[in-house]
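Please treat every number below as a calculation from the coordinates, not as lab data. Computed from a predicted model, the values in this text were never measured in an experiment. Glycine gets a Cβ as well: all are built from the backbone with ideal geometry, and neighbour counts include every protein chain shown.
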Amino acid sequence: MCGIIGIYSHQPVAEDIYNSLIYLQHRGQDAAGIITCQQRFDVKHGLGLVQEIFNDRDVLAMQGNIGIGHTRYPTAGGNQLSDVQPIWLGSPRGIALAHNGNLTNYQALHRTLIHNQHRHLNTSTDSELLLHLLSDALHTTVDVHNDGAIFFSELCDAVQSVFNQAEGSYSVVSVVMGKGLLAFRDPHGIRPLVIGVREDPDGQKDYVLASETTMFYALGFRSMGDVKPGEVVFINQSGQLFRQLIQSKTFSPCIFEYVYFARPDSILDEVNVYRARMRMGENLARRWKEKYPDLLPDVVIPVPFTSNTAAMSFAHALGVRYSEGLYKNPFIGRTFIMSGGKKRSQQVRYKLTPQHIEIKNKKVLLLDDSIVRGTTSREIVTMMREFNAQSVYFASACPPLISPCLYGIDIPSSKELISANYTIDEMREHLNVDALLFQDEGDLVEAVTRKGNHQIKSPCMACMNGRYITGNIDQLKIKQLEENRQRCRGEVCVS
């Protein structure tokens, strides 16, 4: 999972892209980069948080009215500086690209590029493969002397070639030197991509394409909705907007975006994330009453911050008090997307401080958005016991996670998933809680799809039910992808 941003403007875009990356920081904390385009690409990459990488001088030095940016959370490839996006090639014309998602046929594409086409790859990321696929398609299908609708039609043919070869999830923003800003989304629409417009007093229009709508208000953009699955969007040098749906399959956006990854103020695929999380809490509370009619907590405490909304709704539905009984240090990152289990465990106590008065002698219900490895959950329960909670219950707004995610979330192996290796009773004992409840799969889908003018047919829930919506996934491929991800964690990736 990563954050991507592309902006076309009538003014230099570097500052707007930098500010947008701040709004997308929650989608990746390992690295970030910006590329802007005028007569050449101006490039700035770095490891760490956005504010650690860029300074005022960097941003002011970047020229051009078109640019793209990326915040990185590595789920494919290593975590070297060479792997940081956006990435670019000098031919044809010059192409830069930023990608959110994962290609499930990475190894086959890698072998083809290396052995059949004799390409040299500078990184271990699947994003570089996408860049080469797009570059090859542009080279063979696009006449760079064309412009307007003719050029866009040829561009669509090039993206269709990418669709024909790439399997998995991919939302992409790209700059074609001297031509404009390109974006496209895989035919299942697994990863989000939104579009917005900003109009100045003279009627000139600027455009933004991003993973989420989080920066729209601050930068003066209004939403134009979502890039549809299988849709191509292009803004040329003159500011003309072109859109075309070229391939569409069953619309299956990742449901974990609504559970955890997206900011609650985002609207993705015409679904309000905040309201979806409120409904998750409502549905979970109804199930709690059914399963544990005699267990009423004194207080509901969220594991901050992504579960706050669901916990507030849950507490309201039960008629008990909601309390932010865990104080979160905002200067320590999200433990779920930290790079190692030991580091995650150590960071829990640095990040979260229990509020003694909210816990002592109380029946505490902890509500988290999900339970992945169980490391964080177990540490937090221990904290509750140390602060003399009378009882500790635990509820998850998400169903049990039993399968690896192959589409861009750091759930690389079922061996690491507590729900894949323990029964519910065993998990309850392992976590040391008095009662444990997971969201029902159907209730989660209902919570996300109940409201909104969306076209979601069947959200991707592969990590919860093992059904990989792109197909061509068997146990052998899952094993290969798991093993390669493990190698990449050690910064040694092979095809």
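Taking the highest mean first, how do the peptides 63-72, 6-15, 42-51 order by number of other beta carbon atoms within 10 angstrom per residue? Provide the component values of the computation, followed by the final result.
Details: 63-72: 25.7, 6-15: 21.5, 42-51: 16.8.
Averaged packing, sorted descending, gives the order 63-72, 6-15, 42-51.
If you place +1 on the Cβ of every Lys and Arg and -1 on the Cβ of every Asp and Glu, how big does the dipole about the Cα centre of segment 73-157 come out, in debye to the nearest 20?
Working: 3 positive and 8 negative charges, 56 e Å.
The dipole magnitude comes to about 260 debye.
As an exercise, find the ratio Rg/Rh for the chain from alpha-carbon atoms, using the Kirkwood inverse-distance average for Rh. List each step's numbers first, then the result.
Values: Rg = 22.8 Å, Rh = 23.2 Å.
Using only Cα positions, Rg/Rh for the chain is 0.98.
On a 0 to 90 degree scale, rounded to 10, what angle separates helix 341-351 from the longest Cα axis of the chain?
In the chain, helix 341-351 runs at an angle near 70 degrees to the longest axis.
Residue by residue through segment 247-263, which ³J(HN,Hα) values in whole Hz follow from phi under the Karplus form 6.51 cos²θ - 1.76 cosθ + 1.60 (θ = phi - 60°), with glycine and proline marked x?
7, 9, 10, 4, 6, 9, x, 5, 6, 5, 4, 6, 6, 9, 6, 5, 5
Given bins 5 angstrom wide, list per bin the percent of all Cα-Cα distances in segment 3-250, short to long.
Pair shares across the bins are 1, 7, 15, 20, 22, 18, 11, 5, 1, 0, 0.
Grab the DSSP H runs of the chain that are 4 residues or longer, score each as -39,500 (n - 2.57), total them, divide by all residues and round the 222 nm result to the nearest 500 deg cm²/dmol. Display every interim value, and only then the final one.
On the way: 17 runs with 161 residues, N = 495.
Per the formula, -9500 deg cm²/dmol.
What is the distance in Å between the Cα centroid of segment 419-471 and that of segment 50-71?
39
Per the Kirkwood definition applied to all pairs of different Cα atoms, how many angstroms is the hydrodynamic radius of segment 271-468? Walk me through the numbers on the way to the answer.
Values: mean 1/r = 0.0586 Å⁻¹.
Evaluated on segment 271-468, it is 17.1 Å.
In the structure displayed, which of Lys328/Lys363; Lys328/Lys362; Lys228/Lys477 lie more than 24 Å apart, Cα to Cα? Mind showing how you got there, number by number?
Numbers: Lys328/Lys363 21 Å; Lys328/Lys362 21 Å; Lys228/Lys477 28 Å.
Violating the 24 Å Cα-Cα cut-off are Lys228/Lys477.
Once you keep just the Cα pairs under 8 angstrom separated by 6 or more residues, what percentage relative contact order results for segment 271-468? Intermediate results must be reported in sequence, preceding the final value.
Details: 363 pairs, mean separation 45.9, N = 198.
Averaging sequence separation for qualifying contacts and normalising by length gives 23 percent for segment 271-468.
Projected area of segment 187-336, taken from the Cα convex hull and averaged over every viewing direction, in nm²? All intermediate terms of the calculation are to be shown ahead of the outcome.
Working: hull surface 49.6 nm².
The orientation-averaged projected area of the Cα hull of segment 187-336 comes to 12.4 nm².
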